[in-house]
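The values are calculated or read from the model by the stated rules, or taken from the named source; none is laboratory data. On a predicted model such as this, the values are computed, not experimentally measured, just so you know. We place every Cβ from the backbone using ideal geometry, glycine too, and count neighbours over all the protein chains shown.
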Amino acid sequence: MPHSSRWPRRVLAVAIALSTPAGQHLTAVAGPDDQKIVMSEGHVDSPKAFWDKGQNNFTLKSSYGDTSPVDETVSWLPHYYLQRGRNKSEQQQFIRLVTDEPGEEILGKPGQPLFWAQAVPADLKNMLWQGFGADTNIPVERFRDGSFQLDLVDFQGPGDMTLSRGGEGFPVANLLSSVRKANRSIWLTAGDHSHNDTTFTKPGRYVMKMSASARGKDGKLIQSPAQTVTWQVGGTKPSSKNIGDVKKAFDAAASHGSQTATGAKLSIAPAQREHMSTLTFATGNAGDNGTAVFYIDGHYLAEVPVKAGMAEWEEMLGAGTSSYQVVYVPSAQSVSKPWVSAPLSYDAMGAATTGETTKAGTFPTAPTRPASPTLARNDYQPTSNDVHISNKQGSAFDEFDSLTVKPKDDSLSLHVVGGLYRPGSHAPSCEVDFVSTPADRTGEYDADCAGKDLEWRLTVVPQSWVKPGATTVKVDSKANAPYALNGTAQLGNAQSAAPSAPAEEPKAEDSAAVPNKTPVTLSQGHVDIAPALTKDGLRVTIGDDTRQHSTTSVVRDPKAVTLEVREQARKVRKGKATEGSAWDFLGKPGEQYWLLPESQNKYLVWPGFSTEHLDRSTFPKGVDFEIAPGTSPAGAQWFAFKTSSLDRTPHFIADNTKTFTYPDPGHSHINWVFTAPGKYTVKVRAVPKAGSPAELSQPTPWEFITFDVKGTKGSADNDNNDNNGNNGDNGNSNNPKPPAQPSGSSQVPSWGWVLIALGALGGLGLALWPMISKFIR
């Protein structure tokens with residue numbers, strides 16, 4: 001949920017981030033992050049785009065309970081281990097091994113270990129799960145095509161970074177890449193909020209420059225100043241208790257010690273834990289104490305105390321050869337003087353199991369990365385506006401067909417959104433949402449729609465600095481010719497048609513203190529069930545970020561809200577993902593159910609639970625939720641559960657059989673499953689934990705959360721319509737709507753398309769087959 005209009009924020013410490021001039025070497029230091037806000041536990045949105053009205057431009061922030069400028073924060077990905085099973089065996093939660101499944105080649109080579117910040121971790125409170133996002137209040141109505149982007153402008157670090165979704169037999173979306181210049185932009189819309197996997201090939205400190213950009217409807221390019229986004233991958237936690245600027249501390253210790261560290265040695269060897277290595281520094285003198293700072297390829301890695309002349313650090317070093325150094329900063333009482341090792345070349349997966357050096361060297365420097373050039377974002381006129389679009393049966397992924405979008409100017413990256421729709425529907429029966437890049441022009445869509453009388457609606461949006469805008473295409477897909485797409489559209493032929501603002505504007509009293517009581521139906525977008533301090537005390541509220549009724553976030557009274565579950569949520573139990581008795585709650589194979597997934601589908605409402613905005617000085621131990629049965633259609637059931645990126649089985653949060661306690665979740669989205677259409681109510685109340693003020697220590701009154709599930713329990717063909725031909729859509733949508741065919745519209749003879757000169761409509765969030773789709777098919 002956006003943080004600017006609901007709950008008060010603390011004043012946070014300010015730190016100045018240092019940048020790396022292009023083409024230069026930077027003396028490696030640790031100091032820039034030691035005074036920053038460290039984000040290492042729970043849910044984080046960073047970077048998150050906001051709109052600065054004073055500057056009339058974007059600004060990037062981090063949302064981590066409070067909201068801070070992104071430059072003032074650092075994301076730390078430590079070594080996570082959980083105790084699992086009866087024997088409490090240790091299971092790592094931070095390493096992902098690349099498989100040979102199609103699509104995973106964007107991450108690395110098969111068998112390669114990666115540092116991994118999971119999209120949905122097993123421990124939501126104590127593990128970092130970080131996505132990107134955009135505030136609800138961004139004025140997308142003012143942008144060409146209703147579109148804006150998050151751009152990775154520059155990147156420095158010891159390895160490569162990839163943001164992705166999918167895998168394990170399902171389409172992998174490469175959202176952002178440090179090495180693929182074509183994957184340096186993420187298309188967003190107001191209110192977007194992602195759960196994605198973030199992987200790094202090596203440990204160490206990563207510094208990237210990021211910016212948001214759009215093109216106004218007046219044709220002017222809007223680009224925010226590049227801001228610093230920092231990750232500390234593995235290594236030690238940035239802290240004000242560290243030595244700060246290592247070079248300054250090293251120079252200041254020049255007078256410490258009485259003799260040269262002639263016996264000093266840096267060595268590396270495999271550790272007992274799988275995939276881990278131990279870096280060891282020895283001064284050769286038991287009378288030495290101080291600090292050892294380890295570096296990888298000139299980048300800060302870890303800061304470890306030296307005691308009795310020894311320091312060790314265990315780390316997952318990744319694949320391939322890297323250069324390691326150690327800097328020794330002695331205490332005033334030490335015998336040995338400051339010392340820097342020469343670079344030690346070592347491959348943790350190589351033939352040599354150990355490596356060492358006793359040679360002295362110079363202070364580490366971090367070279368620029370030729371594999372990650374600075375992204376140029378100047379106005380660009382393509383050599384051609386032509387874009388060829390075609391589809392075919394099958395793909396590298398089971399149960400998916402292929403759509404190829406190839407511009408004649410092969411330098412372009414294009415966001416392709418839409419899919420196969422029933423006539424009159426505002427949401428696709430089978431969604432398309434991918435980025436066509438020079439490296440990969442093909443996306444996948446659900447093969448369930450083949451052989452049905454649906455219509456293609458596709459919007460193709462270029463990056464903001466490309467002068468021509470989007471094009472929108474509409475063409476029938478006949479049941480007897482589902483793979484007949486084969487023709488050319490043109491960028492810039494569409495008139496700009498950014499989404500119109502919702503009719504209702506927020507009132508002054510729309511706040512946590514006075515929840516809005518206007519009756520509304522919410523059918524798509526981000527929603528949080530959250531405790532808030534109101535004028536009546538602590539109450540359960542609904543935070544509405546959908547933009548369906550307001551251009552800003554609104555805190556609503558649950559009694560006034562109906563959460564509509566569109567017909568597009570209807571699924572059929574089939575495929576390997578839902579095999580086994582653990583999934584029998586979905587019904588028998590071939591039976592239907594309705595799913596609101598824990599990863600966002602921009603065409604569906606996305607309700608989660610949030611306690612992240614509570615004042616922790618008032619509620620030091622947090623607030624739990626109690627979830628209980630309300631009402632359900634006759635014979636119907638509902639279930640709320642989570643899956644994790646490592647464990648694909650359901651972990652139940654609640655169902656309609658009894659009262660469940662959901663411990664203080666921070667910010668958590670879950671899967672909601674309904675077994676039949678109709679109206680359901682779910683009872684929810686907040687229960688403050690011990691340590692809360694006496695006047696706020698009692699459970700809140702029960703609130704009824706209402707779900708209205710659309711459709712009929714009919715045939716299991718998942719054609720996403722009910723017996724009346726309706727699609728379960730209340731018509732209040734910010735997503736692409738069917739283009740109206742004007743008289744005299746142009747025909748494309750080779751495939752009979754109707755090219756509609758309309759702009760790309762809103763709702764262009766990036767949600768390519770969220771990971772939860774692995775069990776819905």
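For (1) surrounded by 20 or more Cβ atoms within 10 Å (Cβ to Cβ); (2) more than 23 Å from Ala351 (Cα to Cα), each residue gets a yes or a no:
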position: Ile222; (1), (2): no, yes
position: Gln227; (1), (2): yes, yes
position: Phe250; (1), (2): yes, yes
position: Thr278; (1), (2): no, no
position: Ala286; (1), (2): no, yes
position: Tyr300; (1), (2): yes, yes
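Each residue in the range 360-408 was checked for being part of a loop (DSSP other than H, G, I, E, B), among the hydrophobic types (A, V, I, L, M, F, W, C) and in contact with a Gly (Cβ under 9 Å, 6 or more places away or on another chain), and 2 of them qualify.
Any residue at all in the range 145-157 that is touching a strand residue (DSSP E or B) at 6+ places or on another chain (Cβ under 9 Å) and in a loop (DSSP other than H, G, I, E, B)? Among the residues of the range 145-157, at least one is touching a strand residue (DSSP E or B) at 6+ places or on another chain (Cβ under 9 Å) and in a loop (DSSP other than H, G, I, E, B), which makes the answer yes. In the set Phe639, Phe652, Phe660, only one residue is surrounded by fewer than 22 Cβ atoms within 10 Å (Cβ to Cβ), farther than 24 Å from Ala560 by Cβ, touching a residue at least 40 places away in the same chain (Cβ under 8 Å) and out of contact with any Ser or Thr (no Cβ under 7 Å at 6 or more places or on another chain); that residue is Phe639.
Could you list all residues from the range 171-185 that are assigned to a strand (DSSP E or B) and at pLDDT 90 or above? Listed by number, the residues that qualify are Leu175, Leu176, Ser177, Ser185. Restricting attention to strands (runs of 3 or more DSSP E) lying wholly within the range 301-357, give those where 3 or more residues are out of contact with any Gly (no Cβ under 6 Å at 6 or more places or on another chain) and hydroxyl-bearing (Ser, Thr, Tyr). Ranges flagged: 321-330. Every listed requirement among (1) over 22 Å from the mean Cα position of the chain (by Cα); (2) of a type in the set (A, V, I, L, M, F, W, C); (3) outside any loop (DSSP other than H, G, I, E, B) is met by Ala427 save one, (3).
With respect to being crowded, with 22+ Cβ neighbours inside 10 Å, under 23 Å from the mean Cα position of the chain (by Cα) and in a loop (DSSP other than H, G, I, E, B), Pro665 fits the description. Selection of first residues in the range 186-206 that are more than 24 Å from Lys109 (Cα to Cα) and among the charged types (D, E, K, R) and of second residues that are assigned to a loop (DSSP other than H, G, I, E, B) and at pLDDT below 95, restricted to Cβ pairs under 7 Å at least 6 apart or on distinct chains, gives the following pairs, ordered by first then second residue: Asp192/Gly765.
Screening Asp100 with (1) surrounded by 16 or more Cβ atoms within 10 Å (Cβ to Cβ); (2) outside any strand (DSSP E or B) gives one miss only, at (1).
Right, Ala348: surrounded by 19 or more Cβ atoms within 10 Å (Cβ to Cβ), aliphatic (A, V, I, L, M) and not assigned by the TED database to the domain that holds Asp251 or not? Please lay out each step first, then the result.
Working: surrounded by 19 or more Cβ atoms within 10 Å (Cβ to Cβ): yes; aliphatic (A, V, I, L, M): yes; not assigned by the TED database to the domain that holds Asp251: no.
Answer is no for this residue.
Here's the yes/no breakdown for (1) of a type outside the set (Asp, Glu); (2) more than 30 Å from Ile222 (Cα to Cα); (3) touching a Ser or Thr at 6+ places or on another chain (Cβ under 7 Å); (4) modelled with pLDDT of 90 or more:
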{"residue": "Phe434", "(1), (2), (3), (4)": "yes, no, no, yes"}
{"residue": "Pro438", "(1), (2), (3), (4)": "yes, no, yes, yes"}
{"residue": "Asp446", "(1), (2), (3), (4)": "no, yes, no, no"}
{"residue": "Cys449", "(1), (2), (3), (4)": "yes, yes, yes, no"}
{"residue": "Lys452", "(1), (2), (3), (4)": "yes, yes, no, no"}
{"residue": "Ser464", "(1), (2), (3), (4)": "yes, no, yes, yes"}
{"residue": "Lys467", "(1), (2), (3), (4)": "yes, no, no, yes"}
{"residue": "Ala470", "(1), (2), (3), (4)": "yes, no, yes, yes"}
{"residue": "Lys474", "(1), (2), (3), (4)": "yes, no, no, no"}
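Within the range 360-398, being over 30 Å from Ser477 (Cα atoms) and of a type in the set (Ser, Thr, Tyr) holds for Thr362, Thr365, Thr368, Ser372, Thr374, Tyr380, Thr383.
Of the set (1) buried (at least 23 other Cβ atoms within 10 Å of the Cβ); (2) under 30 Å from Ala292 (Cβ atoms); (3) in the same structural domain as Val120 (by the TED database), all apply to Pro238 but (3).
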